[in-house]
1. I need the shape label for the range 161-248. Rule: rounded when a/c is under 1.5, else prolate if a/b > b/c, else oblate, with a, b, c from the alpha carbon gyration tensor.
2. Could you point to the residue in Val324, Val347, Gly395 farthest towards the positive end of the chain's charge dipole, with +1 and -1 charges on the Cβ of Lys/Arg and Asp/Glu respectively?
3. Would you work out the charge dipole size for the range 344-427 about its Cα centre, treating the Cβ of every Lys and Arg as +1 and the Cβ of every Asp and Glu as -1, and quote it to the nearest 20 debye?
4. DSSP loop GluC sites (Glu not before Pro) in the range 1-89 with at most 12 other Cβ atoms within 10 Å of their Cβ, which ones?
5. Work out how much length Gln417 to Glu356 would gain on full extension: take 0.36 nm times their residue separation and subtract the Cα-Cα distance, in nm to one decimal.
6. With a point put 7 Å past each Cα toward its Cβ, work out how far Thr108 is from Ile272 in nm, to one decimal.
7. Can you tell me the equivalent ellipsoid semi-axes for the range 2-154? Use √(5λ) from the Cα gyration tensor, largest first, whole Å.
8. Given R₀ = 35 Å, FRET efficiency for Asn280-Arg51 by Cβ-Cβ distance, to 0.05?
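FYI, it's all coordinate maths here, none of it is from the lab. In this text, all values refer to a predicted model and were calculated from it rather than measured experimentally. Cβ coordinates were reconstructed from backbone atoms using ideal geometry, including for glycine residues, and neighbour counts include every protein chain displayed.
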Amino acid sequence: MIIGIDDTDSREGMCTTYLGALLMEELQQYGSVREYPLLVRLNPTIPYKTRGNACVGISIGTHCPDKVMEHVISKVAAMSAMECDMTNPGVVFVQDDEAGRVRDVLGTFFQRAVREVLSIEEAKSIIADIGLHSRGFKNGRGLIGALAACGALLNTGWDHTFEYIAYRQRDKWGTPRNVYKESFFAADDATYPATWDTVDISNELVVCVPHSPDPVLYGIRGRDPFVVKTAAEMIVSEPMERSCIYCTNQGTDMHLIPMDSIFGIKEMQSYIVSGLVSCNPFTIAGGHTIFSISDSSGVSIECAAFEPTKGFRSLVRKLVQGDVVKVYGSFMNKTLNIEKIEVISLVPLVVFHNPECPSCGKRMGSAGRGQGYRCKKCGTRSSSLVQVHQKREIGPGIYEVPPCARRHLAKPLIRMQPSNSKIFPSR
Ligand code: ATP
């Protein structure tokens, strides 16, 4: 039987992955719970999300499915932050004999939940049409994520990574986390690039320890379960209550839709799209850097490197009108929020200087309006300015935001398959 769970937490506490970790232990009384549970990230633009739009999937071999369902439903009812308006838990179960029949429908639903905006009605009607056991609490929005988690469990073969999540002892929830910062840098040093986003070296930050009042102590992301565990064993911190290694679609770019043209881009979806820089980057109040791209469809969109992307903004500011780029990111509020950018081609940057005097080598001054240029010392004259090609301070290649600004789903450049493009990983 597989179990999908979503929307149990609120900003004040809890975390669906913690509930998943508890169930991984508790469900063992009913059969064999399979490693590794899934932590699936869905469309990152969804406004109803608490933090990272996560849902959880668990798979169990059992002879007493009714008891499993009863246990999971009562646990979700007891532990969810029901008092919060935004918390609308959902649980979906798929039994072994149903799996083959529903695999494709739920696989498609999972892929769409990562990229599109879906409705509660659609989730409910799929559940009813195929006759799955489920339980929605309050408005039942969590059924969307719960159904998507089942779709992810039923369809292996998608790109995946792993995360080791350590959870805090209950009496510590809501208090500052006691962690030894240097141990995260040491763990990163020993395991990067097989692990990533533990620390942000250029910004001198530990990025894998949350600051919210939820039960997570830290999470180590990496390419396999063994390396994330090795890195976690190097962490020095307050004692943890438990840990769980999740298999996840984090760091895979699964949310990005490749587009041939800017035409057709929709709000609340995420894209890979190319275009010509159609206005020079400028920085607005709050430190956000903005520029536009356009293409032969005649459509132009604004792209932004927001303030939290720190040093990435100075890179973006080096672009000029006429450069060709490929941008990766979510389109929200009429702006594409850049996660990665590929600089494809750069226009020559030409600046004009007053001519040099051929006799003394000094730069000439203006000889008066419309009268060309004249050397003050030698009296030599010249009629026009001199064109100089300035060196571009950015080269072709793919650049990314630093770890402190990375979206859960964004694929770090160190995970990119080798290609003709040079990559510039941010660490
Ligand atoms: P955390 O990361 O702390 O677990 P969260 O950010 O995952 O919290 P949720 O509490 O799960 O946030 O809320 C997200 C809600 O949005 C859920 O009800 C989920 O079913 C719903 N949802 C997820 N993806 C989509 C989608 N593509 N379209 C519509 N609704 C979605």
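1. Values: a/c = 1.84, a/b = 1.29, b/c = 1.42.
In terms of gyration-tensor shape, oblate.
2. Val347
3. 200
4. Numbers: sites: Glu12, Glu25, Glu26, Glu35, Glu70, Glu83; in loops: Glu12, Glu35, Glu83.
Passing both the DSSP loop test and the Cβ count: Glu35, Glu83.
5. Values: separation 61, 0.36 × 61 = 21.96 nm, distance 4.97 nm.
Full-extension gain reported as 17.0 nm.
6. For the pair Thr108/Ile272, the computed spacing is 2.4 nm.
7. Working: eigenvalues 87, 70, 36 Å².
Working through the eigenvalues yields semi-axes of 21, 19, 13 Å.
8. Details: r = 35 Å, r/R0 = 1.00.
Once the sixth-power term is evaluated, E becomes 0.50.
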